[in-house]
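Data block below; observations after.
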Amino acid sequence: MRKHKIAIVGGGLAGVYAAYRLDHAGIDFDLFEARDRLGGRIHSTETGLDLGPTWFWPDFQPRMQALVTELGLLTFAQHEHGDALLERGFGPVSRRQGYRSGNTSMRIEGGTTRLITALSANLPASRIHLGTEVVAAYLDEVGAALRLGADHSERHSYSHIWLATPPRLTQRIAFTPALSDHSVRHLSSVPTWMAAHAKYVARYSHPFWRKQGLSGDAFSSVGPLGEIHDASTGEAAALFGFFAISVTRRGRFGDAELRDHCRAQLSRLFGDEAVNPLEDWIQDWAAEPFTATTEDRTPPRGHSLYDLTHMLDPVWDARLALIGSEAGGEHGGYMEGALLAVDAALNRVLELRP
């Protein structure tokens, strides 16, 4: 039987974890990432503040807990002590007893990007191809092949292609044989988690809200941020919020104006100390072409069980696997879902080994 070699398309958590597992299993691979960095939707500032995924829940996400333990990463619980704030209109802000989740929300010290750094630290540099978009995939006489970037250079002799991208981004790849209308329609129907989201993060010299007996949690019907939390780490004090206003409305503001609105809201909620952060960031995932499509401008109502079974045509089913987070079954959209989907694909390949 011919030796396996896997082409991984996408260098987010699923792609990097896939490369890590394949490398440990002694299976050859190439990882192609269109961005100039690894991580995909996982992205942190230099001070370790997360602009993408932040939390995992060990109580029901055992793969994430096992992985951070395996990699020796330090974790800590999300700060939840203190009261929460409610902003229902332009009247006084109300205060209530803080909400504590039944399942402990854990974070990675130094930011979730530490997970990507640890996974990729010992991977063969020659197998990681940044700034390289896969524009076509086709079957050849020995397996599968890829066409890359604007120069359409080719890579051959892959036994399998693993798509570590949101299903909707398959429309950026020309497949030969072409995917059927059934496959295209169903792949396009799978919402990309976080793709319509935007986060605002503000760093301060100290977590002044805690001295006020506040948890950092706030919920607003006024906006622009609808949900705010303490984003502090052991090294940085910060607040972050999810934008409640739509992709279209965000596009009506310039970056500076949008930051001003966020600062004004934090000042209304937490006082004058909040108006002048040391630095702040806006990460709008809807503006990322390697995350979101136009179909993602309306966010899903919540995480759901994405059914990706029978999405691929029989001619591709033996060569092509979906391993992105959305292929993670009951954990679809979560980091746990990426690990689950990769493990499933790896088990199928290992079963084929002589």
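Taking the numbered list (1) in contact with a Gly (Cβ under 7 Å, 6 or more places away or on another chain); (2) not assigned by TED's automatic domain parsing to the domain that holds Phe240 in turn, Ser120 passes all entries but (1).
For the structure I just gave you, tell me whether Gln61 is within 18 Å of Met335 (Cβ to Cβ) and either modelled with pLDDT under 95 or in contact with a Pro (Cβ under 7 Å, 6 or more places away or on another chain) (or both). Judged against the criteria, Gln61 is not a match.
Mind checking whether some residue in region 288-298 is closer than 30 Å to Arg210 by Cα, of a type in the set (Asp, Glu) and not in a helix (DSSP H, G or I)? There is no residue in region 288-298 that is closer than 30 Å to Arg210 by Cα, of a type in the set (Asp, Glu) and not in a helix (DSSP H, G or I).
Does Asp317 satisfy being assigned by TED's automatic domain parsing to the domain that holds Gly223 and without any contact (Cβ under 8 Å) to a residue 60 or more places away in the chain? It is false that Asp317 is assigned by TED's automatic domain parsing to the domain that holds Gly223 and without any contact (Cβ under 8 Å) to a residue 60 or more places away in the chain. Inclusion of Asp280 among residues that are assigned to a loop (DSSP other than H, G, I, E, B) and under 25 Å from the mean Cα position of the chain (by Cα) is not warranted. Within region 141-197, the set of residues being of a type in the set (D, E, K, R) and either in a helix (DSSP H, G or I) or free of Cβ contacts under 8 Å to residues at least 60 places away in the same chain (or both) comprises Glu141, Arg147, Asp151, Glu154, Arg168, Arg172, Asp181, Arg185.
Against the conditions (1) assigned by TED's automatic domain parsing to the domain that holds Asp272; (2) more than 24 Å from Thr291 (Cα to Cα); (3) not polar (S, T, N, Q), Val201 satisfies every one except (2).
The numbered conditions (1) under 21 Å from Thr45 (Cβ atoms); (2) surrounded by fewer than 14 Cβ atoms within 10 Å (Cβ to Cβ); (3) among the charged types (D, E, K, R) are all true for Lys199 except (2). Please verify whether region 199-207 includes one or more residues that are among the aliphatic types (A, V, I, L, M), touching a Cys at 6+ places or on another chain (Cβ under 9 Å) and in contact (Cβ under 8 Å) with a residue 60 or more places away in the chain. Yes, there is a match, as at least one residue in region 199-207 is among the aliphatic types (A, V, I, L, M), touching a Cys at 6+ places or on another chain (Cβ under 9 Å) and in contact (Cβ under 8 Å) with a residue 60 or more places away in the chain.
Within the option set Asp317, Asp296, Asp260, being more than 25 Å from the chain's Cα centre (by Cα), more than 23 Å from Ala218 (Cα to Cα) and not β-branched (Val, Ile, Thr) holds for one residue only, Asp317. Go through region 302-354 and report how many residues are surrounded by fewer than 12 Cβ atoms within 10 Å (Cβ to Cβ) and assigned to a loop (DSSP other than H, G, I, E, B). Looking only at that region, the number is 6. Restricting attention to region 200-218, the residues being in a strand (DSSP E or B) and in contact with a Gly (Cβ under 7 Å, 6 or more places away or on another chain) number 4. Answer yes or no as to whether Gly91 is of a type outside the set (Asp, Glu), at positive phi and in a loop (DSSP other than H, G, I, E, B). Judged against the criteria, Gly91 is not a match.
Filter region 241-275 down to residues that are free of Cβ contacts under 8 Å to residues at least 24 places away in the same chain and basic (Lys, Arg) and give me whichever is surrounded by the most Cβ atoms within 10 Å (Cβ to Cβ).
Selected residue: Arg249.
Annotation: of all residues in region 71-85 being out of contact with any helix residue (DSSP H, G or I) (no Cβ under 8 Å at 6 or more places or on another chain) and under 16 Å from Gly111 (Cβ atoms), the one that is surrounded by the most Cβ atoms within 10 Å (Cβ to Cβ) is Gln78.
Residue check: Gly52 meets all listed conditions (1) under 25 Å from Ser220 (Cα atoms); (2) within 19 Å of the chain's Cα centre (by Cα); (3) not in a loop (DSSP other than H, G, I, E, B) but one, namely (3).
Checked against (1) closer than 30 Å to Trp316 by Cα; (2) among the polar types (S, T, N, Q); (3) over 20 Å from the mean Cα position of the chain (by Cα), Thr248 passes all but a single condition, namely (1).
The values are calculated or read from the model by the stated rules, or taken from the named source; none is laboratory data. Computed from a prediction, not measured in an experiment: that's the story for all the values here. Virtual Cβ from ideal backbone geometry, glycine too; neighbours counted across all protein chains shown.
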